[in-house]
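Participant: Questions regarding the structure given below will be posed in turn.
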Amino acid sequence: MSIRGPSSPTESRLGRGSTVPGRKAFYESKLLVVGLSVSLLGAGNWLMGSLKFSQYQKIVEEGIERGFKPRPPGSGSVTNVLRLESEEGERYNIARARVDLYHVVLSGGRLMVVLGLLLTASGWLRLRWRKPAKSSPGREAEQIGALG
């Protein structure tokens with residue numbers, strides 16, 4: 001501890017020479033910052049994807065109950081593509097497309113959360129196991145003189 005007091009909150013609790021990194025080391029670690037950012041973005045995608053996916057899934061289920069059927073792949077002949085559909089049919093087809101979209105957003109959000117947590121954990125472990133910087137003999141004498 002210097003005359004000015006502890007340089008960080010962890011120093012006051014644990015004393016000088018502790019293996020717990022200071023606050024500055026946390027936000028200077030690129031792995032930790034990127035990991036937390038990716039985790040937060042992934043959590044947002046996961047949340048929005050799950051909310052919107054369930055919303056449009058209900059619309060698709062209502063459409064199936066009313067008799068609309070999903071078209072099998074490759075059945076889009078020219079007459080089927082150009083045929084005008086009812087408003088309900090159009091709503092069903094749009095909802096089906098959005099279900100697919102939000103399924104991708106939901107899956108991507110899950111992947112981002114897992115990736116972000118892995119990056120965050122590796123960044124934290126890297127900070128935790130980092131060797132302390134070697135100080136020069138003159139620096140140690142200054143620290144001892146400040147304590148005495």
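The values are calculated or read from the model by the stated rules, or taken from the named source; none is laboratory data. What you see is a predicted model, and the numbers here were worked out from it, not measured in a lab. Cβ atoms come from the backbone with ideal geometry, glycine included; neighbour counts cover every protein chain shown.
Participant: What residue, of SER18, SER39, is in contact with a Ser or Thr (Cβ under 9 Å, 6 or more places away or on another chain) and either at pLDDT 95 or above or exposed (fewer than 11 other Cβ atoms within 10 Å of the Cβ) (or both)?
Facilitator: Working: SER18 fails: either at pLDDT 95 or above or exposed (fewer than 11 other Cβ atoms within 10 Å of the Cβ) (or both).
SER39 is the lone residue from the list that is in contact with a Ser or Thr (Cβ under 9 Å, 6 or more places away or on another chain) and either at pLDDT 95 or above or exposed (fewer than 11 other Cβ atoms within 10 Å of the Cβ) (or both).
Participant: Just to verify a result, which residue in segment 74-90, among those that are within 39 Å of the chain's Cα centre (by Cα) and modelled with pLDDT of 60 or more, is surrounded by the most Cβ atoms within 10 Å (Cβ to Cβ)?
Facilitator: GLY89
Participant: In this structure, is GLU140 in a helix (DSSP H, G or I) and either modelled with pLDDT of 90 or more or within 31 Å of the chain's Cα centre (by Cα) (or both)? Can you show your working first?
Facilitator: Details: in a helix (DSSP H, G or I): yes; either modelled with pLDDT of 90 or more or within 31 Å of the chain's Cα centre (by Cα) (or both): no.
No: the conditions fail for GLU140.
Participant: Looking at segment 94-132, which of its residues are touching a Pro at 6+ places or on another chain (Cβ under 9 Å) and under 27 Å from GLN55 (Cβ atoms)?
Facilitator: ARG96
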